[in-house]
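Working notes, structure below.
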Amino acid sequence: MPLDVYPHLPEGLLDLPAQRLVERLPQSTLIHVDGEREPELFVSVLLHGNETSGWEGVRQYLREHPRPPRSLSLFIANVTAAAQQQRVLPGQQDFNRIWKGAAGHGAELAAALFTAIAGRNYFAAIDLHNNTGHNPFYSVLTELAEENLGLAYLFSDKAVFIREPDTTLTQAFAGRCPSVAFEVGPVGDSRCDERVYDFVGRALELDSVPVAAPGQLNLFESLARVHIRDGVEFGFSGADDNAPLLLTGGVEAVNFHELAAGTPFAAATRPLAELLCVLDSQHRDVTTEFFSQSGAEIMLQRAVVPAMYTTDPFVVRQDCLCYFMQRLEI
Ligand SMILES: [Zn+2]
C-alpha cells in the first residue's frame with residue numbers, strides 16, 4: 001500500500017520542514033485533523049517535492065490552531081522528492097499527473113487515496129503549488145463551476161482555466177466538491193508561506209464556498225505550451241548572448257500581460273521548426289500559429305498572454321519554457 005493514513009497529526013510532525021518530513025513519513029501520507037465542524041477541507045501539499053510553501057504555511061497554521069475552525073484532510077504527497085528538494089525524483093512519475101489512467105506506482109497511489117477518502121464528504125479541495133519565475137498569485141481551474149470561481153477569487157483576482165492535463169488531483173475532485181489548485185509564488189520565498197497560512201486560514205473559516213460575481217475574476221484560458229526542442233542549446237539575452245537559440249530577455253517580467261502579434265520572442269539562425277515546438281491541449285504541433293520567423297528573428301504570430309515563463313533551464317527541459325494563454329470571458 002503506497003499510502004499511510006493517520007487519524008490525527010503524528011506527534012512532532014509540525015516541527016519538521018518539508019525536507020525532513022521523510023524522517024517521520026516514509027511515503028505519501030493522508031492525515032485527518034479534527035476541527036470545530038464538518039465537512040472537512042481537503043488540502044494537498046508537496047505533489048511537487050520542491051514546492052514547499054504549501055507545507056510550510058499549513059504547518060505554521062496548525063501550530064497556532066491545533067483545533068482549526070473546520071476539520072481537514074491533509075495529503076502530503078511526495079516526501080522523498082521533498083527530501084532532495086526536487087520536483088520529482090529520477091524514475092518517479094510526476095505526482096500531479098497520476099490521478100487518472102496512470103500505471104505503476106501512480107495508479108496504486110491514486111487507488112489508495114481514493115479508497116481512503118471514499119465515503120468522506122469534503123467542503124472543498126485545495127492543492128497548493130509553487131512555481132518558478134515572476135508570476136502573480138493565481139489559481140488553476142479545471143472546471144468553470146461557480147464555486148470553483150468563488151474559491152479561486154478568495155485567493156487572487158487571476159485564474160487560469162486548463163483543459164489538459166486532465167490527470168491532475170484538482171480534476172480528480174471535480175464533481176465531488178469545489179476543487180482548485182493554487183500557485184502561491186516562487187519556491188523558497190517566505191512570503192509565499194505566509195500567503196498559504198493566510199489563505200488556508202480563511203478557507204477554514206468559511207461558512208460556505210463563496211460564489212464569484214461575473215467579471216470579478218480575470219480569467220485566462222491556457223492555449224498551448226512552448227517547448228524547446230531536445231538538444232537545442234538555448235540561453236537568455238543578457239546572460240548568454242551567444243546561445244544558438246537566444247530568448248528575448250524580459251519575457252519573464254511580462255507573465256500575465258498581453259503581448260501583441262509581432263513581439264520579438266527569440267533570435268536564431270536555424271529554422272524555427274528545429275528550435276521551438278508549441279503544443280496545444282491535444283498535443284498537436286501548432287508552432288506556426290504562434291510564431292513566425294524573419295531572418296534571425298522569431299516573433300509572435302498572434303497576441304498571447306504568457307504565463308509560467310521560466311529562465312530556469314532545468315524547468316525548461318523537464319516541463320516547458322512557458323504557457324500561452326488568452327483572456328477568457330464568461
Ligand atoms: Zn507544482
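The values are calculated or read from the model by the stated rules, or taken from the named source; none is laboratory data. The shown structure was predicted, so the numbers you read here are calculated from the model rather than taken from an experiment. Using ideal geometry, Cβ is built from the backbone for each residue, glycine included, and neighbour counts are taken over all protein chains shown. Accessible surface is based on the protein model in full, side chains and every heavy atom, while ligands, DNA and RNA are left aside. Shrake-Rupley method; radii C 1.70, N 1.55, O 1.52, S 1.80 Å.
Quick one: is Thr142 polar (S, T, N, Q), out of contact with any helix residue (DSSP H, G or I) (no Cβ under 9 Å at 6 or more places or on another chain) and surrounded by 19 or more Cβ atoms within 10 Å (Cβ to Cβ)? Outline the logic, then answer.
Working: polar (S, T, N, Q): yes; out of contact with any helix residue (DSSP H, G or I) (no Cβ under 9 Å at 6 or more places or on another chain): no; surrounded by 19 or more Cβ atoms within 10 Å (Cβ to Cβ): yes.
Spelling it out, it is not the case that Thr142 is polar (S, T, N, Q), out of contact with any helix residue (DSSP H, G or I) (no Cβ under 9 Å at 6 or more places or on another chain) and surrounded by 19 or more Cβ atoms within 10 Å (Cβ to Cβ).
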>> Restricting to the stretch 145-166, name every residue that is out of contact with any helix residue (DSSP H, G or I) (no Cβ under 8 Å at 6 or more places or on another chain), in a helix (DSSP H, G or I) and without any contact (Cβ under 8 Å) to a residue 60 or more places away in the chain.
In response: Asn148
> Between a first residue in the stretch 186-215 that is under 22 Å from Gln60 (Cα atoms) and a second residue that is at pLDDT 95 or above and among the hydroxyl-bearing types (Ser, Thr, Tyr), which pairs have beta carbons less than 6 Å apart while being 6 or more apart in sequence or on different chains?
Replying inline: Cys192/Ser53; Asp193/Ser53; Val196/Ser53; Tyr197/Tyr61; Val200/Tyr61; Gly201/Tyr61
>> So, in the stretch 202-240, how many residues would count as being of a type in the set (Ser, Thr, Tyr) and under 22 Å from the mean Cα position of the chain (by Cα)?
In response: 1
> What is the one condition in (1) among the hydroxyl-bearing types (Ser, Thr, Tyr); (2) crowded, with 21+ Cβ neighbours inside 10 Å; (3) within 22 Å of Val88 (Cβ to Cβ) that Thr167 does not satisfy?
Replying inline: (2)
>> Can you tell me which residue is modelled with the highest pLDDT among those in the stretch 167-191 that are more than 15 Å from the ligand (Cβ to nearest atom) and polar (S, T, N, Q)?
In response: Ser179
> Looking at the stretch 116-132, which of its residues are open to solvent by 20 Å² or more (accessible area, probe 1.4 Å) and under 18 Å from Tyr323 (Cβ atoms)?
Replying inline: Thr132
>> Among the residues in the stretch 61-72, are any farther than 19 Å from Leu206 by Cα and crowded, with 19+ Cβ neighbours inside 10 Å?
In response: no
> So which residues in the stretch 191-233 are open to solvent by less than 40 Å² (accessible area, probe 1.4 Å) and closer than 30 Å to Phe291 by Cα, if there are any at all?
Replying inline: Leu217, Leu219, Phe220, Glu221, Ser222, Leu223, Ala224, Arg225, Val226, Ile228, Val232
> Which one of these does Ala125 not meet: (1) touching a Ser or Thr at 6+ places or on another chain (Cβ under 6 Å); (2) in a helix (DSSP H, G or I); (3) within 16 Å of the ligand (Cβ to nearest atom)?
Replying inline: (2)
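Please return the ranges of strands (runs of 3 or more DSSP E) entirely within the stretch 261-315 where 1 or more residues are open to solvent by 50 Å² or more (accessible area, probe 1.4 Å) and out of contact with any Gly (no Cβ under 9 Å at 6 or more places or on another chain). Show your work before the answer.
Working: elements: 264-267, 276-280, 291-294, 297-300, 305-307.
Output list reads 264-267, 291-294, 297-300.
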> Any idea which residue in the stretch 95-106 is farthest from Asp4 (Cα to Cα), counting only those that are away from the ligand (no atom under 16 Å from the Cβ) and outside any loop (DSSP other than H, G, I, E, B)?
Replying inline: Gly104
> Do you know which of the residues in the stretch 50-61 that are in a loop (DSSP other than H, G, I, E, B) and not acidic (Asp, Glu) is nearest to Pro90 (Cα to Cα)?
Replying inline: Asn50
> Using beta carbons and a limit of 6 Å, which pairs, at least six apart or on different chains, have the first residue in the stretch 76-97 and open to solvent by 60 Å² or more (accessible area, probe 1.4 Å) and the second one not in a loop (DSSP other than H, G, I, E, B)?
Replying inline: Gln93/Gly106
> Somewhere in the stretch 184-201, is a residue within 17 Å of Val45 (Cα to Cα), among the aliphatic types (A, V, I, L, M) and outside any helix (DSSP H, G or I)?
Replying inline: yes
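Suppose we filter Leu109, Leu113, Leu151 for residues that are within 20 Å of the chain's Cα centre (by Cα), open to solvent by less than 30 Å² (accessible area, probe 1.4 Å) and over 30 Å from Met1 (Cβ atoms); which single one remains? Give the derivation first.
Working: Leu109 fails: over 30 Å from Met1 (Cβ atoms); Leu113 fails: over 30 Å from Met1 (Cβ atoms).
Checking each option against the conditions leaves just Leu151.
Per-residue answers, yes or no, for (1) modelled with pLDDT under 95; (2) assigned to a helix (DSSP H, G or I); (3) away from the ligand (no atom under 14 Å from the Cβ); (4) more than 18 Å from the chain's Cα centre (by Cα):
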site	(1), (2), (3), (4)
Leu30	no, no, yes, yes
Arg63	no, yes, yes, yes
Leu74	no, no, yes, no
Ala82	no, yes, no, no
Arg87	yes, no, no, no
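Mind telling me which of the residues Leu47, Leu21, Leu25 ends up being within 27 Å of Ser208 (Cα to Cα) and either outside any loop (DSSP other than H, G, I, E, B) or open to solvent by less than 10 Å² (accessible area, probe 1.4 Å) (or both)?
Criteria check complete, one pass: Leu47.
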